[in-house]
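Okay, so here's the structure we're looking at.
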Amino acid sequence: MEETYLLNHVGVRKKILAGGTGPLPHFAPGTKLVFHFQTLLDNFERTVVDDSRLAGRPAEIFFGKMFKMEVWENLLASMRVGEVAEFWCDAIHTGLYPIVSKGMRLIAQGKDPLEGQRHMCGMGNMFHYHSTGFPELDELMRTPQPLIFIMELLQVGDPMSYQRESWMMEKDEKLQTVPILHMQGNLLVKQSKYREAASKYKEAVLLLKTVQSREMPGDIDYINLGRMIIPLELNYCQCMLELEEYYDVIEHTTELLEKHKDCVKGYYKRAKAHAAVWNEKEARRDFNMVAHLDITLASLIGRELKALSDSMKEKYWEEKEQYWNKLETKENNNKEEGRDKDEEEEEEEEDNGKQKDSKSVITESEDEVGEEKGKALSPSILCAEGHKEEPGGNKVTPTEGNDNEEEASASEINPNTATETEGKDWQQMLRLVMLLQKEGNFLIKENQFLEASEKFTEAINYVDTLQNMVDQPGEDWDSLEKVRLPLTLNLSQCMLELKQHQQVVELNNKLLKKHEGNKKMYFDKEIGT
């Protein structure tokens with residue numbers, strides 16, 4: 001058939017290569033068109049630029065949905081199903097072809113057609129990156145020219161015969177789809193298919209947000225759309241709670257509550273998510289907010305807070321047990337290493353013929369211990385007579401009533417301390433002090449003052465031992481004294497609660513000699529007396 005010009009389309013010529021079947025179809029907006037195409041340069045060789053058959057799949061467009069190559073809709077609208085036609089198009093119609101071709105090539109490779117693009121129009125991306133990634137398309141972009149398209153229309157679909165993408169829907173279509181998705185999600189929840197239900201709710205939320213983005217913020221339509229989003233978001237969050245996707249719940253409810261600060265269910269679901277990931281402070285805050293906004297839920301919130309306390313307590317003791325197990329394992333390993341080392345030393349002594357009786361061995365061991373102890377107490381050096389020698393060379397002899405009695409070793413203050421600290425290095429003892437302080441604070445919150453006082457007393461004994469291992473006065477000694485202060489104050493508080501006033505006075509008298517400006521100690525002492 002001879003080449004003819006298409007009516008109402010300037011710069012387009014058509015030549016039918018093979019006739020189609022049936023009447024010329026009418027394409028309603030949204031009609032799906034499936035076709036093969038071949039793109040040729042208008043030169044002597046008729047160089048092939050693209051061929052959908054080589055890509056292994058036909059092309060698809062939806063009629064009337066602003067396809068970038070608008071001229072293609074006009075070309076296909078002039079064809080019957082099964083028809084093959086050749087179209088010559090002037091350069092005024094082919095300027096965007098490099099962008100369309102790039103997208104189709106990426107799709108054929110299984111890639112995202114928008115990969116690496118900024119949020120701007122297609123031509124903006126071309127000018128920003130100066131290249132499509134394909135040399136022949138870059139040439140067409142630099143010098144637009146006429147192109148030849150050979151097309152074969154394979155199939156024309158009914159607009160309502162397939163699930164339409166959201167970008168294809170008009171505003172009314174989206175609003176009509178939302179309640180259907182909501183109902184489908186509810187049915188899936190009843191079947192305990194939470195993942196599929198969450199997908200339905202999320203799709204409905206995206207449709208509403210797309211419509212809302214076209215409205216003016218503050219207008220009645222904008223506000224009403226926001227209210228329609230709330231139940232869908234809450235249902236989505238409930239599904240995520242069931243799926244134990246707690247951080248997803250926290251993210252979505254936080255975004256929801258930024259816009260709707262009076263949403264009781266939003267606070268409740270976020271509180272449940274915080275509680276599940278051990279965020280006690282945040283969970284209590286949200287639970288209390290629920291009770292504040294709706295007083296009728298006070299009893300429910302009371303039960304939730306009690307359950308939160310129980311779970312936190314259970315987690316606390318579980319972590320404590322794990323810590324002690326690890327510490328015990330480490331101590332056992334250290335003891336085994338010590339035994340192995342001793343055995344090796346004994347074997348070396350036997351090989352060298354150095355045999356000593358038990359008395360001499362004990363004497364040497366005591367001498368070594370004395371040396372190490374003297375080093376630990378430096379610069380106060382233990383003298384042979386049992387006195388301490390200060391850096392200036394003056395010997396200090398402990399006398400009755402002397403303030404140095406307060407600095408007696410932990411074993412003198414508490415006979416059990418020597419047993420408790422045996423086999424522990426200073427790092428282990430320091431960790432134990434921190435742990436015992438934490439346990440004591442926890443027990444005070446539970447009003448278990450007797451048990452708390454035992455924890456603080458044990459921690460103070462470890463501090464005493466540590467202070468005897470460092471220089472006095474010195475930076476480490478002062479740091480340990482700062483650790484001792486809150487421990488003693490907490491112990492004093494426990495003694496007050498247990499009505500052991502005399503012990504409170506004694507504890508604070510000792511501290512006041514070192515910390516004369518501490519008002520808390522004066523206060524506790526006055527109450528004790």
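The values are calculated or read from the model by the stated rules, or taken from the named source; none is laboratory data. It should be emphasised that the depicted structure is a prediction, and the values quoted were computed from it without experimental measurement. FYI the Cβ positions are ideal-geometry reconstructions off the backbone, even for glycines, and counts take in every protein chain you see. Just the protein is used for accessible areas: all its heavy atoms, side chains included, with ligands, DNA and RNA removed. Shrake-Rupley method; radii C 1.70, N 1.55, O 1.52, S 1.80 Å.
Points to keep in mind about this one:
- Filtering the stretch 461-478 to residues that are outside any loop (DSSP other than H, G, I, E, B) and either farther than 18 Å from LEU435 by Cβ or open to solvent by less than 20 Å² (accessible area, probe 1.4 Å) (or both) leaves ASN461, TYR462, VAL463, ASP464, LEU466, GLN467, GLU475, ASP476, TRP477, ASP478.
- The stretch 197-225, residues that are open to solvent by 20 Å² or more (accessible area, probe 1.4 Å), under 17 Å from GLN184 (Cα atoms) and either modelled with pLDDT of 90 or more or of a type in the set (D, E, K, R) (or both): SER199, LYS200, LYS202, GLU203
- Where a residue in the stretch 201-222 is in contact (Cβ under 8 Å) with a residue 12 or more places away in the chain and under 23 Å from ILE180 (Cα atoms) and its partner, wherever it lies, is assigned to a helix (DSSP H, G or I) and among the charged types (D, E, K, R), with Cβ under 7 Å and at least six apart: VAL205/GLU233; LEU207/LYS174; THR210/LYS174; VAL211/LYS171; VAL211/LYS174
- Inter-residue pairs, beta-carbon under 6 Å, first within 23 Å of LEU297 (Cα to Cα) and in the stretch 242-268, second surrounded by 14 or more Cβ atoms within 10 Å (Cβ to Cβ) and hydroxyl-bearing (Ser, Thr, Tyr), 6+ apart: GLU242/TYR194; GLY266/THR253
- Residues of the stretch 439-454 classified as part of a helix (DSSP H, G or I) and open to solvent by 50 Å² or more (accessible area, probe 1.4 Å), total: 5
- Selection within the stretch 492-514 - touching a residue at least 40 places away in the same chain (Cβ under 8 Å) and either farther than 18 Å from GLU451 by Cα or of a type outside the set (S, T, N, Q) (or both): CYS494, MET495, GLU497, LEU498, LYS510, LYS513
- The condition (being surrounded by 19 or more Cβ atoms within 10 Å (Cβ to Cβ) and among the hydroxyl-bearing types (Ser, Thr, Tyr)) is satisfied by just one residue among THR47, THR39: THR39.
Residue by residue, here is whether (1) more than 22 Å from ASN288 (Cα to Cα); (2) open to solvent by less than 60 Å² (accessible area, probe 1.4 Å) holds:
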| position | (1), (2) |
| --- | --- |
| LYS190 | yes, no |
| ARG227 | yes, no |
| MET240 | yes, yes |
| TYR246 | no, yes |
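- GLU215 assigned to a loop (DSSP other than H, G, I, E, B) and in contact with a helix residue (DSSP H, G or I) (Cβ under 7 Å, 6 or more places away or on another chain): yes
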